[in-house]
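Have a look at the structure below, then the notes.
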Amino acid sequence: MDVRTEISTNIPTSRDLRTREIRRKFKTSLPLYVLLLPSLILLVIFAYFPIYGLIMAFQDYSPILGISGSPFVGLDNFKQYFNSYQFLLTIKNTLVLSVYSLIVNTPLPVALAIMCNQIRREGFKKVFQVVTYLPHFISTMVMCGMILLFLSPQTGLLANFLHLFGVKLPDIMSNASNFAHVYVWSDVWQHVGWNSIIYIAALSAIDPTYYEAATMDGATVWQKIVRIDLPLILPTMMILLIMSVGNLLNVGFEKVLLLQNSLNLSHSEIISTYVYKIGLQDSQYSLSTAIGLFNTLINGTLLIAVNWLSKKLTNTGLF
Amino acid sequence: MNRKIMFCAAALGVLVLAGCGKSSQNEKTGDKNTFTILTARNQDWGDAFQKGFVAKAAKKAGIKLKWDVVIGSDWGDKKSVTLSSGKLPDAFLGHATLTDQDVEKNKAAFVVLDDYIKDMPNLQKAFKEDPTLKAMCTSTDGHIYSLPNKLAPRPLVGNQIFINKKWIDKLGMKMPTTYKEFIEVLRAFRDGDPNGNGKKDEIPYGGGSSGMSSEILLNFVLPFKIFSPFGGGIADNIVMDNDKPIFQATTDRYKAAIEAMHSAYKEGLIDPQFFTADGAQVTAKKQSKTPIYGAAVMWTADAEFGVNADQYEALPPLVGEDGGRYVNSDPTRLNYNRNELVVTKGTTKKNIKKLMKWADAFYTNDATAQTMYGSFGVGTKKLANGDIQVLQPKTGSSDMFAWKNALRDNGMKYMQPDFEKRLVFDKANSDYAKLSIDKKYRKYALPGFPNVMYTPEELKTSAKLTTDINTFVTQKRAQWITKGGVEKDWNNYKKQLNAMGLSEFMKIQNAAYARWQDNLK
């Protein structure tokens, strides 16, 4: 009579098995979880906990009343921004700067990494790498000062250099249409070396046997780059592209603000500088939160879209 | 092994918690006569301001002060955290701590001072002598939440043009008296190599940089009756015309002025980098060994021109297009302030009357001199006849000495206008330099648009309008001066401003101005 029950108590169900398995795994990797804990705490405190501050975007916030006590105003703050004269202008300028910078800044580090990878002399390769990524460590503040000094039409480095050949440098910073070029190409100079490091790492991880086989088959250097290097670092490229699209509207705020002047304002007023002026300088916390939230929503949508596209086309994606 | 790790993790957790818990120091609120006062100062100013008069007055009023001195540059970031933390100091001292927006939006946290002010004899006397003082601090709801000050001794003339007198003499010219002559002199600066280095490196009119306020630019066209309020902000383009606030940047005289500036720019009389240089470049040019600037706008020459300061003199107000002479004057922003003492509601159980007695002691001639330049025996000296001598520091600038040893521009102050003459200055004092220029030209000062107060609703609307309108005006102005085209753009520009809500913006200004006028009565 009790044969069946006996069996069922002795042989664990699949569910029991799973919990036991999980418990065992947890026990063996406990040290890893402990290592993870501090960063998890930091993430929760500094990234997830503050999210509740977004409520401010729907309130007429006053610091004394706090988030719990400030009156709700619905979508008023959003309406105020959408009706603003600056709305389309700031969006346009932000998109121009970010898309331009994305187009330029995605292929160039790859090119640099491949170039670097082709250098055969170890010593020169190291020097080359360090020299290209060193400008990355210059602070934005100093960087903008340098840009303004170098481009000064009377006393600047560039003006003096061109003067040797009898060429007169135009006043670049006073021409609004130049702003995007100055912004993007100075960014390239500063960050291309740094951004290429990850590709150099990806390239060095490629199995040398591929190259050996290719050499045996008589492939040229160019063919090796196109047929081996590029396909193998494509997943890295796609991931980085997706991540930078997620930051598309977060154009470097300090840099734009520091390079702004009244002559290039028509092309240099972006969402974040506008938020700064209207929100922090005029203490309109709610309005600036609303604009910030709007910014984040666009970023999120773009991120998901590009991730989907990338999964369709190259089978790589963040999630 | 596992235990060790757990122990480490626990220790780490304790450390993190300890870091968080530090701020919850228990504050003794039991003492009814001890007040915590928060004030903002620069890092290098120190705490010497707490001694002398400020401490003596507290003793006399029977209160104890606990100072919470925050660094001015950090305060902007810390402010909203402090306000929302619920742990407010008993009072905020100095207009560097709270802005109008902060007070208006957080009224719920501050004590209405109306009843206490009735028992402040010195302040009452000051209100009677100078109604502006009362209008400055009366909020939009008719109550008083903060104490005001009137800085003294102070000039009526704001930033003004300083011109290289040595160059003028060298070129055999005279100090210009009209706009035409001014342009002639600038042309001669451009062509005559007045600094004598054989190079054509002179900049006739300079000093502008990308972050400048309007006055640096617009002093050039002052003869066109174009004014520029001190420090910009909401009222950057609002001036008084026949006792009415008007928007200056759509007037015909503004158009004429911009046209004149464009032709001066085209001729090379204005620094080609006027709108694009950064501050460091401008300072370098001002202080270069061989002077480069012919004229530039500033407070006093000795503060800015370095070794060549003695070559520069204040340009007398030029005879304008309409025959009048004008100076930029903005007394309610230059010399008056509010939010000098804001008392928080946490003090309701304390003896606020005594705190206000302490505050009232500041509104006398002697107290104002001491809080402006340093207490008797430190920065000032009471002379036998009742005059007050301002002592000159043995080393360093007198301005820095005053900031270190006194509240200077912050805190409660009022001096009777007649008493200002009884302050004895050393000629090397930096205030003296400005005051002696001011003595000559203050008669030309016209009333500016007062530093009015806005309701929270007005502030909310005008924050957006101000940013949009003022940015557009500044942008167009820079474009017209450097590239021309004001004639062509003018109608579209006016249309655009109207589309941005200029009429709503001016309605707010007029309403605020009407309230101001009521408060003067």
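The values are calculated or read from the model by the stated rules, or taken from the named source; none is laboratory data. Predicted model only: the values in this text are computed from it and were never measured. Heads up, the Cβs are rebuilt from the backbone with ideal geometry, glycines too, and the neighbour counts pull from every protein chain shown. Accessible surface is based on the protein model in full, side chains and every heavy atom, while ligands, DNA and RNA are left aside. Shrake-Rupley method; radii C 1.70, N 1.55, O 1.52, S 1.80 Å.
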Taking both sides together, what accessible area is buried at the A/B interface, probe 1.4 Å, expressed in Å² and rounded to the nearest 100?
3600 Å²
Between region B:158-196 and region B:496-521, what is the C-alpha centre distance in whole Å?
40 Å
Please average, across the residues of A:98-104, the number of beta carbons from any other chain that are within 10 Å of each residue's own beta carbon, and give a whole number.
0
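Please say if chain B is rounded, prolate or oblate, where rounded means a/c under 1.5 for a ≥ b ≥ c the square roots of the C-alpha gyration tensor eigenvalues, and otherwise the choice is prolate for a/b larger than b/c and oblate otherwise? Write down the numbers at each step before the final one.
Working: a/c = 1.61, a/b = 1.51, b/c = 1.07.
It comes out prolate by the Cα gyration axes.
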Pair-distance profile P(r), taking every C-alpha pair of region A:66-314, with 5 angstrom steps and integer %:
1, 5, 10, 13, 14, 14, 12, 10, 8, 6, 4, 2, 1, 0, 0
Ranked order, A:85, B:414 - accessible area, probe 1.4 Å, largest first
A:85, B:414
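Per residue of chain A, what 222 nm ellipticity follows from adding -39500 (n - 2.57) for every DSSP H run with n ≥ 4, rounded to the nearest 500?
Numbers: 18 runs with 214 residues, N = 319.
When only DSSP H runs of four or more count, the value is -21000 deg cm²/dmol.
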Number of partner chain Cβ atoms within 10 Å, mean per residue of A:62-74:
4
The set of residues whose placed amide H lies less than 5 Å from the amide H of residue B:411, leaving out same-chain residues fewer than 5 positions away, is B:94, B:95
Measure out, as a whole number of angstrom, how far apart the alpha-carbon centroids of region B:199-218 and region A:226-245 sit.
49 Å
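Per the Kirkwood treatment, what hydrodynamic radius in Å, one decimal, follows for region A:80-205 from the mean inverse distance over all distinct Cα pairs?
On the way: mean 1/r = 0.0586 Å⁻¹.
That comes to 17.1 Å for region A:80-205.
At a Förster distance of 45 Å, what's the computed FRET efficiency of residue B:496 paired with residue B:392, Cβ-Cβ distance as r, to 0.05? Could you put the intermediate results ahead of the total?
On the way: r = 53 Å, r/R0 = 1.19.
Efficiency, rounded to the nearest 0.05: 0.25.
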Please identify the helices of chain B, taking whole runs of DSSP H, that span at least 15 Å along their own axis as judged from the Cα atoms and have a mean Kyte-Doolittle score of 0.5 or higher.
B:2-21
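If you build the convex hull over the alpha carbons only and average its shadow over all orientations, what do you get for region B:209-265? Give it in nm² to one decimal.
Working: hull surface 16.8 nm².
Result: 4.2 nm².
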Computed, not fitted: 222 nm per-residue ellipticity of chain B from DSSP H runs ≥ 4 (each -39500 (n - 2.57)), nearest 500, equal to -13000 deg cm²/dmol
What residues from region A:286-319 fall in the zone where the backbone N is under 15 Å from a label point 7 Å along the Cα-to-C-beta line of residue A:102?
A:295-311, A:318
Testing the spin-label approximation: label points 7 Å from Cα along Cα→Cβ at residue B:241 and residue A:88. State their distance in nm.
3.0 nm
Label 7 Å along Cα→Cβ of residue B:383; region B:422-453 residues with amide nitrogen under 16 Å?
B:422-429, B:432
Any idea how far the Cα center of region B:227-288 sits from the one of region B:417-434, in Å?
30 Å
Largest-first principal axis extents of the Cα set of region B:23-173 (Å)
75, 39, 34
Give me the distance in nm between label points sitting 7 Å out from Cα along the Cα-to-Cβ direction at residue A:137 and residue A:178, one decimal.
3.1 nm
Please compare each pair in B:87/B:349; B:56/B:381; A:92/B:488; A:92/A:277; B:79/B:476; B:32/B:382 to a cut-off of 23 Å on the Cα-Cα distance and tell me which ones are over it.
A:92/B:488; B:79/B:476; B:32/B:382
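Checking understanding here: applying a Kyte-Doolittle mean of at least 1.6 and a length along the axis of at least 20 Å (C-alpha), which whole DSSP H helices in chain A pass?
Details: long enough: A:14-28 (21 Å, -1.89); A:86-105 (27 Å, 1.23); A:179-204 (37 Å, 0.67); A:230-246 (23 Å, 2.19); A:285-314 (42 Å, 0.81).
Those that clear 20 Å and a mean of 1.6 are A:230-246.
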Range of Cα positions in region A:13-58 per principal axis (Å), largest first:
51, 26, 6
Quick check: pseudo-label points 7 Å beyond the Cα along Cα→Cβ at residue B:60 and residue A:301, how many nm apart are they?
6.6 nm
Computed over region B:393-493, the ratio Rg/Rh where both radii use C-alpha atoms and Rh is Kirkwood:
1.13
So residue A:48 and residue A:226, fully extended at 0.36 nm per residue minus their Cα-Cα distance, gain in nm 59.8 nm
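Go through A:184, B:69 and list them by solvent-accessible area, largest first, probe radius 1.4 Å. Present the calculation step by step, with values, prior to reporting the outcome.
Details: A:184 0, B:69 50 Å².
Of A:184, B:69, the descending order of accessible area is B:69, A:184.
Using the structure shown, select from B:64/B:150; A:168/B:494; B:225/B:507; B:439/B:494 the pairs with a Cα to Cα distance greater than 28 angstrom.
Values: B:64/B:150 26 Å; A:168/B:494 37 Å; B:225/B:507 23 Å; B:439/B:494 39 Å.
Flagged as over cut-off: A:168/B:494; B:439/B:494.
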Using a 1.4 Å probe on the protein heavy atoms only, what accessible surface does residue B:199 show? Give it in Å² to the nearest 10.
130 Å²
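Check each of the trypsin sites (Lys or Arg not before Pro) in region A:160-249 and keep only those in coil by DSSP with at most 13 other C-beta atoms within 10 angstrom; list them in order. Intermediate values should be presented prior to the final figure.
Numbers: sites: A:168, A:224, A:227; in loops: A:168.
Those that pass, being in a loop and sparsely packed, are A:168.
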How large is the convex hull of the Cα atoms of the protein assembly as shown per residue, expressed in Å³ as a whole number?
270 Å³
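Shape call for region B:73-120 from the C-alpha gyration tensor, a ≥ b ≥ c root eigenvalues: rounded (a/c under 1.5), prolate (a/b greater than b/c) or oblate? If you can, show how the numbers build up before the last one.
Numbers: a/c = 2.16, a/b = 1.82, b/c = 1.19.
Prolate is the answer for region B:73-120, as a/c is 1.5 or above and a/b outweighs b/c.
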